[in-house]
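Step one of this worksheet: look at the structure below.
The values are calculated or read from the model by the stated rules, or taken from the named source; none is laboratory data. Being a predicted model, the structure only gives us computed values, none of them experimental. Heads up, the Cβs are rebuilt from the backbone with ideal geometry, glycines too, and the neighbour counts pull from every protein chain shown. Remember, those area values only see protein heavy atoms, side chains included, never the ligands or the DNA or RNA. Shrake-Rupley method; radii C 1.70, N 1.55, O 1.52, S 1.80 Å.
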Amino acid sequence: MAAYVASLAPGPAIPEDQYLEATGDAAHGGELFRINCAMCHNAVGAGGALTEGKYAPVLKGVSAKHVYEAMVTGPQSMPVFNDSNLTPTDKQDIITYLAYMDENESAGGYALASLGPVAEGLFVWIFGLGGIIAITVWLAAKSN
Amino acid sequence: MAGKDLEKSKEAEGFEHEFESGLAVISETKISDPGLAPHRVRMTDKSPKHAKNAERQVAVLFLLSVVGSFFALWAYVAFPITEDLATVRANNLWLGLGMTLSLLGIGIGAVHWAKTLMPDFEVSEARHQTRGSEDVRAAAVEIVKLADQESGFSRRKLIRRTMYGALALFPLPALIVFGDLGPVVGDSLRHTMWKKGTRLTKDPTGIPIKASDVTLGSVFHVIPEGLAEMHEHKLEEKAKAAVLLVRLNQEDLKEDEAKKSWSYDGIVAYSKICTHVGCPVALYEQHTHHLLCPCHQSTFDVTEHCKVVFGPASRSLPQLPITVDAEGYLIAQSDFLEPVGPSFWER
């Protein structure tokens, strides 16, 4: 079936296995990810919203092959990142960064799905301010 | 304070001068002072058993604080921060919980003590008049007169006038020094690093981009040639000069006649700095050709000179006129023709 699809039109080949191993430079991959990917997929790959209900998917637990193929083909709303933009080694570094983020949990405690200021702000508004209000009410109340 | 209350407190404190309302508006329908709510006796005052219980509760809270302090000390030793970043998490969590318990135990214990066991009676304190008594005011005037007499301030004109001059000029050096604190903005908001012939290079490597590299549907995050090698003011320049490069089908582009020459073979370059409040706009949707700003959802249409199609931005993203040089690399025709980024005072 893959051969039939390939006969219909030219397109990028299935990536070579050597670029799919998470053995690249995670720090460089992180820098490339923040420049090229993070605006849609979130700085740690937690996904994010686009216009009119479209969204950039979560990248946690996605296979390296899938990530690589998405970069060269640009599925749905995603633009294409060809080999002169991000070289195969660059792509491997990005895959290494994503694998690193998968393996290492947030050092700062519970990450609230890594969604950033909206989730964190909501948490603080409800539990932080709620706690402060509760303590204030108790402080001002007369004892029985 | 309502007029009636003032009268009352005046009587109470024995002021002899006339009541003045000043700027306050005195209501015609005065609300009478409801007085204090009836006193309610606490359980701890009625029953010694309850008082004993409350005493124990306060002691338990203070003991909890002691436990928290020891726990925090123990946690600091038991969960050290090592090379592994994940150890920060356990360290912060347990150390923080110990310290929270230690501090909250003291605070809650002290308040509980005050609320249940310390004397319980209501006190009302009337506000005193802001105007001093006639004697005090007269004494103050005397002091000023005496000071004038002794110093000769009114009498010695020469001293007085030279002192005025000295005081007036004294802040002058400070004004000059403060004026030099920062650089004058000048026209730096109107110009970026881009100029005629500057190559478009990849962020962050600074590798120049050939027009043939930019395939259909591609997005390149672009910085001007030379920025990658900068050491000083690199971020300031990048914040103004960052550009997004996209290739569209030539027939999808709806270009103004005057700006037709700004694109090259369907390749267009736009400032990445949102015209609303300056976030980097870079969420490019390949099929709708919309650019979305993640901060406030301003949406720009890349096919029509990045005009605003949704959101709070009020101006199109500035377009960078581009072309190719003899070697096929993309270069800028000039700087942006309008200031990039959010509106400011003089535009």
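Observations, loosely collected:
- Helical runs assigned H by DSSP (4 residues or longer) give chain B a calculated mean residue ellipticity at 222 nm of -11500 deg cm²/dmol, each run adding -39500 (n - 2.57) before division by the residue total.
- Positive-end residue of B:I331, B:V302, B:I223, charge dipole of region B:191-332 with Cβ unit charges: B:I223
- If you sort the three axes of the alpha carbon gyration tensor as a ≥ b ≥ c, you get a/c of 1.5 or more for region B:191-332 and a/b no higher than b/c, which makes it oblate.
- Neighbouring Cβ atoms from other chains, within 10 Å of the Cβ of residues in B:88-97, number 2 on average.
- For the pair B and A, the buried accessible area comes to roughly 2900 Å² in total, with a 1.4 Å probe and the value rounded to the nearest 100.
- Order by protection proxy (mean Cβ within 10 Å, highest first), peptides B:330-342, B:252-264: B:330-342, B:252-264
- Within a Gaussian network of chain B (alpha carbon springs, distance under 10 Å), most fluctuating of B:R156, B:R56, B:R247: B:R56
- Selection among A:L59, B:V185, B:L283 by position relative to the dipole of the protein assembly as shown gives B:V185 as farthest towards the positive end (Cβ unit charges, Cα centre).
- Each residue, A:A43 and B:S212, gets one label point 7 Å from its Cα in the Cβ direction; the gap between the two is 4.0 nm.
- Neighbouring partner chain Cβ atoms per residue of A:74-86, average, 10 Å criterion: 6
- Relative frequency of Cα-Cα separations exceeding 33 Å in the protein assembly as shown, percent: 64 percent
- About the centre of its Cα atoms, the protein assembly as shown shows a dipole size close to 1620 debye [charges on the beta carbon of Lys, Arg (+1) and Asp, Glu (-1) only; nearest 20 debye].
- Candidate membrane-span-like segments in chain B, meaning DSSP H helices with Cα atoms spread over at least 24 Å of their own axis and a Kyte-Doolittle mean of 0.0 or above, are B:48-78, B:87-116, with no membrane implied.
- Listed residue (A:G108, B:L103, B:S314) projecting farthest to the positive dipole end of the protein assembly as shown, Cβ model: B:L103
- Residue pairs, from the table A:K60/B:K307; B:K210/B:K259; B:K234/B:K260; A:K91/B:K259; A:K54/B:K260, whose Cα atoms sit over 27 Å apart: A:K60/B:K307; B:K234/B:K260; A:K91/B:K259; A:K54/B:K260
- Model label sites at A:A9 and A:W125, defined 7 Å from Cα along the beta-carbon direction, differ in position by 4.4 nm.
- Estimated FRET transfer efficiency (B:L175, B:E232; beta-carbon r; R0 22 Å; 0.05): 0.15
- A Förster distance of 51 Å, applied to the separation of the beta-carbon atoms of B:T162 and B:K30, puts the FRET efficiency at 0.35.
- Carbon + sulfur, % of accessible area of chain B - ligands and nucleic acids excluded, 1.4 Å: 62 percent
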